[in-house]
Amino acid sequence: MSVIGIDIGGTKVALALFSEGGGILRREVAAVEGREGGEVGALVTERVCALLGAAEAAGDAVRGVGAAVPGIAHAGSGRVWAPNLPGWDDYPLREELEAVVGRGVRVAVDSDRAAYILGETWRGTARGCRNAVFVAVGTGIGAGILVDGRVLRGARDIAGAIGWLALDRPYRAGYDSYGCFEYQASGAGLVRQAKDLLAAGAAYAGPLRDGEVTTARLFSLYGSGDAIATRAIDNAVELWGMAAANLVSLFDPEMVVFGGGVFGPAARFLERIEAEARRWGQPISTPQVRFGVSSLGGDAGLHGAGQLAKPQPLAASR
């Protein structure tokens, strides 16, 4: 018996056929390539059908399909909002998947945040934890939160939108669209901070003056002592630690896992992030929490989608 996991992103769709124990039997990646609305849905269902056929040819039976989306998945309806996919404002993803897999096959749809923490607690750094938080730092920032073995979703399925954590003052107009934490400490936020510092630092004559400011370049220049890169990244390290402290104080997890595209290069700052979190966090809980970096990397969401597909996943049943 196997399950299918689907990790849907703004540029590509990754799918995998998982064995009972979580091993990947077959993997596929399909580029979105400018598709919108139902075209993306058709791409997803086409590749699911291909995996169903491959499983059948091998004498296997698929018992569940799980899909992770970069946005909000509504638990009751199975409809999703994914801002990086035009036309997915209220998209009936679960309904479309159910139509192609047939009766008797479980279909579950959830946010990528939920999938990240499910993947890490199933096959990754937080394996076996029932209370854990995954802090995803990429272009934006979000968190998957597992409490007593269940993904925390909230009244409107938006729990974990931690990019809006208020970690600084005074309020800045830029926070309207991103939130304080994401504005400063996401991958795009690091670039914003560096550009703000460049605009304010007339005396700076370093290499960033040529106009090329990227997250990768900031991390590359950090080790050379570049003033702008150092200030932007040091600020983010402090905010990552403060955010972790707030999450520990709120949810008392066994583990906090950092992942996403920025971790990556930011993994080298884990000890500093942990030290910062221990300064700010609840004094009984925080010293007992383990801090780590995702061991699944870009596959965390895919593994989490596979876990969603299981008949009795850690996530709340649909």
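The values are calculated or read from the model by the stated rules, or taken from the named source; none is laboratory data. Only a predicted model underlies this, so the values are computations on that prediction, with no experimental measurement involved. Because the Cβ atoms are built from the backbone with ideal geometry, glycine has one as well, and the counts that use them run over all protein chains shown. Accessible surface areas use protein heavy atoms only, side chains included; no ligands, DNA or RNA. Shrake-Rupley method; radii C 1.70, N 1.55, O 1.52, S 1.80 Å.
Structural remarks
- Of all DSSP beta bridges in the chain, antiparallel share, percent nearest 5: 55 percent
- Stokes-Einstein D (µm²/s) once Rh is taken as the Kirkwood radius of the stretch 197-258 over alpha-carbon pairs, at 10 °C in 1.306 mPa s: 118 µm²/s
- Percentage, to the nearest whole number, of Cα pairs in the chain over 29 Å apart: 38 percent
- Accessible area per residue for the stretch 147-292 is 49 Å², calculated with a 1.4 Å probe on protein heavy atoms, without ligands, DNA or RNA.
- Hydrodynamic radius of the stretch 33-101 by the Kirkwood approach over all distinct alpha-carbon pairs: 12.9 Å.
- For the stretch 5-142, diffusion coefficient by Stokes-Einstein and Kirkwood Rh (Cα), 10 °C, 1.306 mPa s, µm²/s: 102 µm²/s
- For the chain, the relative contact order is 22 percent, taking Cα pairs closer than 8 Å that sit 6 or more residues apart in sequence and dividing their mean separation by the residue count.
- Chymotrypsin sites (Phe, Trp or Tyr not before Pro) lying in DSSP loop within the stretch 138-185, provided at most 12 other Cβ fall within 10 Å: Y171
- Translational diffusion of the stretch 107-179 was estimated from the Stokes-Einstein equation, with Rh taken as the Kirkwood radius over Cα pairs; at 20 °C and 1.002 mPa s the coefficient is 162 µm²/s.
- Loop GluC sites (Glu not before Pro), the stretch 222-318 (other Cβ atoms within 10 Å of the site Cβ: 13 or fewer; DSSP): none
- Ratio Rg/Rh, restricted to the stretch 82-123 and using Cα atoms, in which Rh is the Kirkwood radius: 1.05
- Cα centroid separation - the stretch 112-151 against the stretch 9-83, whole Å: 20 Å
- Normalising the Debye intensity of the stretch 216-318 to I(0), with uniform scatterers on Cα atoms only, and taking log10 at q = 0.15, 0.18, 0.20, 0.23 Å⁻¹ returns -0.73, -0.93, -1.04, -1.15.
- Volume of the convex hull of the stretch 127-258 (Cα atoms only), normalised per residue: 121 Å³.
- Antiparallel DSSP beta bridges within the stretch 1-158, as percent of all bridges there, nearest 5: 65 percent
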